[in-house]
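Written below as C-alpha cells is the structure these notes are about.
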C-alpha cells in the first residue's frame, strides 16, 4: 500500500492544514482543472488513507472519516489522545493506527470499530515524535533531534524501545520509505 501525504488517488489533499476532497481533470495545455467537492473542517498535520477511511490528525484528536463518497466526507469517529501535544503523523497497519504525538511520543489506537477508536498503548519517546512508519512489528519514529527511534510494537500495551537508533542526521520532521528497510530524510 502506498502512503502519500498530499494526495490519494488524485482526490484527497491537505492544503494549508485543512483536509479537502477535490475533483481533478486534465485541462487543455499542461494544467489541471480543480474543483472542491468536499471538506472536513479544522486544521490537520497528518492524514493516512486506507480503504474507505481517512485517519486525520486534528489538533489533539485522531478523527476517522468515511471518504467512500468524496463529495460528502463524513466524520464517523474520533479519539482525544491523552497528554497530547499535536498529532503530527499517522500510519495505519491492520486494525491499528500508530500516531506520532509530538512531545508525548507514540500512541497506538485500535481502529477495528471506526466509530469508536480506543487507545491501546503508548511509548514516550525522548524527543518530539513527528512522523511514524510501520515495518512489520517495528515502529520507526522520526523523533526530531533525538533521531530515529525504533520501537517494538509486537504488544501495543508494552511498546519497547530496546532497539534504538540515534543518528543526528536523521533528526527530521518526516520519514520516507522508498523500499522496505530504506529510509531517507524528507524536508
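Quick rundown of the values:
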| read-out | value |
| --- | --- |
| Yes/no for residue 181 being within 17 Å of residue 102 (Cα to Cα), in a loop (DSSP other than H, G, I, E, B) and either in contact with a strand residue (DSSP E or B) (Cβ under 8 Å, 6 or more places away or on another chain) or at pLDDT below 90 (or both) | no |
| Tabulated pairs, the range 133-147, first within 13 Å of residue 99 (Cβ to Cβ), second surrounded by fewer than 20 Cβ atoms within 10 Å (Cβ to Cβ) and modelled with pLDDT of 85 or more, C-beta under 6 angstrom, 6+ apart or interchain | 134/93 |
| Answer from 154, 125 - the residue that is closer than 23 Å to residue 82 by Cβ, within 18 Å of the chain's Cα centre (by Cα), part of a loop (DSSP other than H, G, I, E, B) and modelled with pLDDT of 70 or more | 125 |
| Some residue of the range 86-100 being more than 20 Å from residue 127 (Cα to Cα) and part of a loop (DSSP other than H, G, I, E, B) | yes |
| Residue count, the range 80-93 (criterion: farther than 24 Å from residue 146 by Cα and over 14 Å from the mean Cα position of the chain (by Cα)) | 1 |
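The values are calculated or read from the model by the stated rules, or taken from the named source; none is laboratory data. Keep in mind that what you see is a predicted model, and the values were worked out from it rather than measured. A quick note on method: Cβ atoms are made from the backbone with ideal geometry, for glycine too, and the neighbour counts reach across all protein chains shown.
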